[in-house]
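Structure record follows, encoded as structure tokens.
The values are calculated or read from the model by the stated rules, or taken from the named source; none is laboratory data. These figures come from a predicted structure and were not determined experimentally. Using ideal geometry, Cβ is built from the backbone for each residue, glycine included, and neighbour counts are taken over all protein chains shown.
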Amino acid sequence: GQNIDQPTEMTATEGAIVQINCTYQTSGFNGLFWYQQHAGEAPTFLSYNVLDGLEEKGRFSSFLSRSKGYSYLLLKELQMKDSASYLCAVLRGDYKLSFGAGTTVTVRA
Amino acid sequence: DTAVSQTPKYLVTQMGNDKSIKCEQNLGHDTMYWYKQDSKKFLKIMFSYNNKELIINETVPNRFSPKSPDKAHLNLHINSLELGDSAVYFCASSQDFGDSAYGYTFGSGTRLTVV
């Protein structure tokens, strides 16, 4: 089975940094994705980690610790347009992609 | 030029009806998926086809039947619609089954409301 947990909501101020944590327990592991989903729109790919460590892409970074079953997405220099839901997803051993419920981030001016 | 397009975007229908949702991708990907996103925002895999062959069939009522006429198309037909089928249905594609590095590309979703 699988269990993917992330906080339901987070609020931060424009220009600040927010870290969204994700813990998982899955049957096998072939990598972890982060997706961004604006209300009423499709999820869009942000990052993929399969090895331990930090992957940086502009203002967004994603970290993975396989031994701890833990990842985080770091959003820096927050902008109003970053207000969205952020989905943690694990590619299981059977190559099925399982999603967490998402974290709604609200950026305030 | 939309990479993964699905139609219709909105669908309102009565209980008991039969409806279809269509999906097409122009990315040259081999694998396509149907996901259901319920009111709690969970995205759950329903089906996956790789080169027209069904490879994932999760525990979904058999009122739901996917069809893939070719690897660029994956349609979803739903018989005898029920209130609980109301959700947003997302089509997605990936380079190949198990291909990870580039993630999945999702369509814009079909919001199905059963009344």
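Would it be correct to say that A:Tyr72 is touching a residue at least 12 places away in the same chain (Cβ under 8 Å), in contact with a Cys (Cβ under 8 Å, 6 or more places away or on another chain), hydroxyl-bearing (Ser, Thr, Tyr) and surrounded by 13 or more Cβ atoms within 10 Å (Cβ to Cβ)? Taking the combined requirement at face value, the residue satisfies it.
The residues in the stretch A:65-104 that are more than 13 Å from chain B (Cβ to nearest Cβ) and either within 16 Å of A:Gln37 (Cα to Cα) or not polar (S, T, N, Q) (or both) can be counted, and the count is 16. Pairing each residue of the stretch B:43-65 that is more than 11 Å from every other protein chain (Cβ to nearest Cβ) with any residue that is among the small types (Gly, Ala, Ser) and surrounded by 15 or more Cβ atoms within 10 Å (Cβ to Cβ), provided the two are 6+ apart or on different chains, yields C-beta distances under 7 Å for B:Tyr49/B:Ser68; B:Lys52/B:Ser68.
One line per residue, one yes/no per condition, for (1) modelled with pLDDT under 90; (2) farther than 23 Å from B:Ala3 by Cβ; (3) surrounded by fewer than 14 Cβ atoms within 10 Å (Cβ to Cβ); (4) within 11 Å of another protein chain (Cβ to nearest Cβ):
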| residue | (1), (2), (3), (4) |
| --- | --- |
| B:Gln25 | no, no, no, no |
| B:Lys67 | no, no, no, no |
| B:Asp70 | no, no, yes, no |
| B:Gly109 | no, no, no, yes |
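Applying the criterion of being under 13 Å from A:Tyr72 (Cβ atoms) and not charged (D, E, K, R) to the residues of the stretch A:23-52, the residue that is farthest from the other protein chains (Cβ to nearest Cβ) is A:Thr23. Search the stretch B:80-92 for residues being over 9 Å from the mean Cα position of the chain (by Cα) and surrounded by 15 or more Cβ atoms within 10 Å (Cβ to Cβ), and hand back the single one that is farthest from the other protein chains (Cβ to nearest Cβ). Once the filter is applied, the top-ranked residue is B:Leu81. The residue of the stretch B:93-107 that is nearest to the other protein chains (Cβ to nearest Cβ), among those that are crowded, with 16+ Cβ neighbours inside 10 Å and touching a residue at least 40 places away in the same chain (Cβ under 8 Å), is B:Phe106. Looking only at residues of the stretch A:69-85 that are among the small types (Gly, Ala, Ser) and part of a loop (DSSP other than H, G, I, E, B), we find that the one that is nearest to A:Pro43 (Cα to Cα) is A:Ser83. Among residues of the stretch A:8-32 that are farther than 30 Å from A:Gly93 by Cβ, those with a Cβ under 8 angstrom from a residue that is charged (D, E, K, R), sequence gap 6+ or separate chain, pair up as A:Thr11/A:Arg108; A:Ala12/A:Arg108; A:Thr13/A:Arg108; A:Glu14/A:Arg108; A:Gly15/A:Glu77; A:Ile17/A:Lys76; A:Ile17/A:Glu77.
Note on the stretch B:27-42: among residues that are in contact with a Lys or Arg (Cβ under 9 Å, 6 or more places away or on another chain) and surrounded by fewer than 16 Cβ atoms within 10 Å (Cβ to Cβ), the one that is farthest from the other protein chains (Cβ to nearest Cβ) is B:Gly28.
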